[in-house]
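What follows is a set of notes on a single structure, which appears directly below.
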Amino acid sequence: MADDMFTALSVSAAGMRAQSTRVRVVAENMANADSTGTTPGADPYRRQTVTFKNELDRATGAEMVEVSKIGTDKKTPFILKYQPDHPAADDKGYVKMPNIDSIVEMMDMREAQRSYEANLGMIEQSRTMMMQTINLLRQ
Amino acid sequence: MTTQNIGLFKALGAKMNYLDQRQNILAQNVANADTPGYRPHDLEKVDFGTVLKNVTKENVVRPVTTNPRHMPAPNEVETARSPEMKKVYDVAPTGDAVVLEEQMVNANKNQIDYNLMTSMYQKNVGMIRTALGVGR
């Protein structure tokens, strides 16, 4: 009977793992917000994105979540910055900066944080329910 | 005679089992809250009144199911299926329709129900103890 509850715990744990990967990717993006190329006109660091997919866990029949792909954002254009003395500056004096918008990254991080908290809340609830069952033995 | 054979305990156990399963489904929904295209699931409501009526009616002859294709005995508790939820609060542009608030409300309801069940279980055990004279 408590099998479902243990499954619920591992599902929530999978959710937390996926969300922490997302936070890690945001951290990588933020850390590389100023990583430019070294040769004139070279491409700088590209923003990374995370996609999730749900994965059926055959042992328990539960729909877990996992990171399906860490991709690169090729759609958002690079930000150009006028800095003629930079080694990566092109002939007009512009340096390509990574396509990272710190506000977008912060939003993503907050969302990941909230989802992580929600999963944690579910673990806490399942745990309480399990403890209630165990307490039935204690009378 | 174990508590399993007492109708009321059996009914309580059935409901707890249902709530266990539902907690699992809700955990799946929350875990997949950011999965594109994921539709939340929920257990269909079991008519607890009928279950209780079936289960407390103890003086019936029960056929044994030795094959999964046998028809279930009338007082057996069927396992609830988990269909996709038709009505959800809203659907994100990526197609995932899990709203964390909705799931949290459901999970809280689930926990309250579970709490109720375990309390009732305890009360009944207490009553049996009193009847036996072991008292508390």
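Going through B:Asp20, B:Asp34 one at a time, which residue ends up being acidic (Asp, Glu), assigned to a helix (DSSP H, G or I) and either within 14 Å of the chain's Cα centre (by Cα) or at pLDDT 80 or above (or both)? Working first, answer last.
Values: B:Asp34 fails: assigned to a helix (DSSP H, G or I).
Criteria check complete, one pass: B:Asp20.
Take the residues of segment B:65-110 that are β-branched (Val, Ile, Thr) and closer than 23 Å to B:Lys10 by Cα: which is modelled with the lowest pLDDT?
The extreme case among them is B:Val77.
Across segment A:78-92, what is the number of residues that are in contact (Cβ under 8 Å) with a residue 40 or more places away in the chain and of a type in the set (Asp, Glu)? Even if it seems obvious, please write down each step before you answer.
The first filter runs over segment A:78-92 and keeps only residues in contact (Cβ under 8 Å) with a residue 40 or more places away in the chain, leaving A:86-91.
Pick out the ones that are also of a type in the set (Asp, Glu) and you get A:90-91.
Looking only at that region, the number is 2.
Mind listing whichever residues of segment B:37-64 are assigned to a loop (DSSP other than H, G, I, E, B), modelled with pLDDT under 75 and either loosely packed, with under 12 Cβ neighbours inside 10 Å or more than 22 Å from the chain's Cα centre (by Cα) (or both)? Steps first, answer last, please.
From segment B:37-64, those assigned to a loop (DSSP other than H, G, I, E, B) are B:37-40, B:42-47, B:57-64; that's our starting set.
Within this subset, residues satisfying the condition of being modelled with pLDDT under 75 are B:46-47, B:57-64.
The answer is B:Asp47, B:Lys57, B:Glu58, B:Asn59, B:Val60, B:Val61, B:Arg62, B:Pro63, B:Val64.
Do you know which of the residues in segment A:17-49 that are under 30 Å from B:Asp20 (Cβ atoms) and buried (at least 20 other Cβ atoms within 10 Å of the Cβ) is nearest to the chain's Cα centre (by Cα)?
Going through segment A:17-49, the residues under 30 Å from B:Asp20 (Cβ atoms) turn out to be A:17-22.
Subsequent filtering for residues that are buried (at least 20 other Cβ atoms within 10 Å of the Cβ) retains A:18-19, A:22.
Values: A:Ala18: 7, A:Gln19: 5, A:Arg22: 1 Å.
For segment A:17-49, the residue satisfying everything is A:Arg22.
Only residues that are surrounded by 14 or more Cβ atoms within 10 Å (Cβ to Cβ), polar (S, T, N, Q) and farther than 16 Å from B:Ser82 by Cβ: list them for segment A:57-78, please.
Step one: list which residues in segment A:57-78 are surrounded by 14 or more Cβ atoms within 10 Å (Cβ to Cβ), which gives A:57, A:60, A:62-68, A:70, A:73, A:76, A:78.
Keeping just the survivors that are polar (S, T, N, Q) gives A:60, A:68, A:76.
Selection gives A:Ser68, A:Thr76.
Hey, among A:Asp90, A:Asp3, A:Asp57, which residue is touching a Gly at 6+ places or on another chain (Cβ under 6 Å) and at pLDDT below 90? Please lay out each step first, then the result.
Details: A:Asp3 fails: touching a Gly at 6+ places or on another chain (Cβ under 6 Å); A:Asp57 fails: touching a Gly at 6+ places or on another chain (Cβ under 6 Å).
Going through A:Asp90, A:Asp3, A:Asp57 in turn, the sole match is A:Asp90.
Give the residues of segment B:93-136 that are touching an Asp or Glu at 6+ places or on another chain (Cβ under 9 Å), of a type in the set (Ser, Thr, Tyr) and in a helix (DSSP H, G or I), sorted by residue number.
B:Tyr114
Go through the residues of segment A:114-121 one by one and say whether even a single one is within 14 Å of chain B (Cβ to nearest Cβ), farther than 16 Å from B:Leu26 by Cα and aliphatic (A, V, I, L, M). Walk me through how you get there before you give the answer.
From segment A:114-121, those within 14 Å of chain B (Cβ to nearest Cβ) are A:114-121; that's our starting set.
Of the ones still in play, those that are also farther than 16 Å from B:Leu26 by Cα are A:114.
Subsequent filtering for residues that are aliphatic (A, V, I, L, M) retains none.
There is no residue in segment A:114-121 that is within 14 Å of chain B (Cβ to nearest Cβ), farther than 16 Å from B:Leu26 by Cα and aliphatic (A, V, I, L, M).
Among the residues of segment A:57-70, is there at least one that is within 14 Å of chain B (Cβ to nearest Cβ) and more than 22 Å from A:Ser20 (Cβ to Cβ)? Steps first, answer last, please.
Our first condition is that a residue be within 14 Å of chain B (Cβ to nearest Cβ); within segment A:57-70, this holds for A:57, A:59-69.
Filter once more, so that each one left must be more than 22 Å from A:Ser20 (Cβ to Cβ): A:59, A:61.
Within segment A:57-70 (the criterion being within 14 Å of chain B (Cβ to nearest Cβ) and more than 22 Å from A:Ser20 (Cβ to Cβ)), the answer is yes, since at least one residue qualifies.
Among the residues of segment A:37-48, are any under 27 Å from A:Glu105 (Cβ atoms) and free of Cβ contacts under 8 Å to residues at least 12 places away in the same chain?
Narrowing segment A:37-48 to residues under 27 Å from A:Glu105 (Cβ atoms): A:37-39, A:41-48.
If we keep only those that are free of Cβ contacts under 8 Å to residues at least 12 places away in the same chain as well, we get none.
No, every residue in segment A:37-48 fails to be under 27 Å from A:Glu105 (Cβ atoms) and free of Cβ contacts under 8 Å to residues at least 12 places away in the same chain.
Take A:Tyr116 and decide whether it is surrounded by fewer than 18 Cβ atoms within 10 Å (Cβ to Cβ) and aromatic (Phe, Trp, Tyr).
On the way: surrounded by fewer than 18 Cβ atoms within 10 Å (Cβ to Cβ): no; aromatic (Phe, Trp, Tyr): yes.
No; evaluated as a whole, the condition is false for this residue.
Mind listing whichever residues of segment B:100-136 are surrounded by fewer than 11 Cβ atoms within 10 Å (Cβ to Cβ) and at the interface with chain A (Cβ under 10 Å from one of its Cβ atoms)?
Once the filter is applied, which keeps residues that are surrounded by fewer than 11 Cβ atoms within 10 Å (Cβ to Cβ) and at the interface with chain A (Cβ under 10 Å from one of its Cβ atoms), segment B:100-136 yields B:Glu101, B:Arg136.
Within segment A:120-139, track down each residue that is polar (S, T, N, Q) and in a helix (DSSP H, G or I).
So the first thing to find is which residues in segment A:120-139 are polar (S, T, N, Q), and the list is A:125-126, A:128, A:132-133, A:135, A:139.
Scanning segment A:120-139 gives A:Gln125, A:Ser126, A:Thr128, A:Gln132, A:Thr133, A:Asn135.
The values are calculated or read from the model by the stated rules, or taken from the named source; none is laboratory data. Every value quoted in this text rests on a predicted model; they were computed, and no experiment measured them. Glycine gets a Cβ as well: all are built from the backbone with ideal geometry, and neighbour counts include every protein chain shown.
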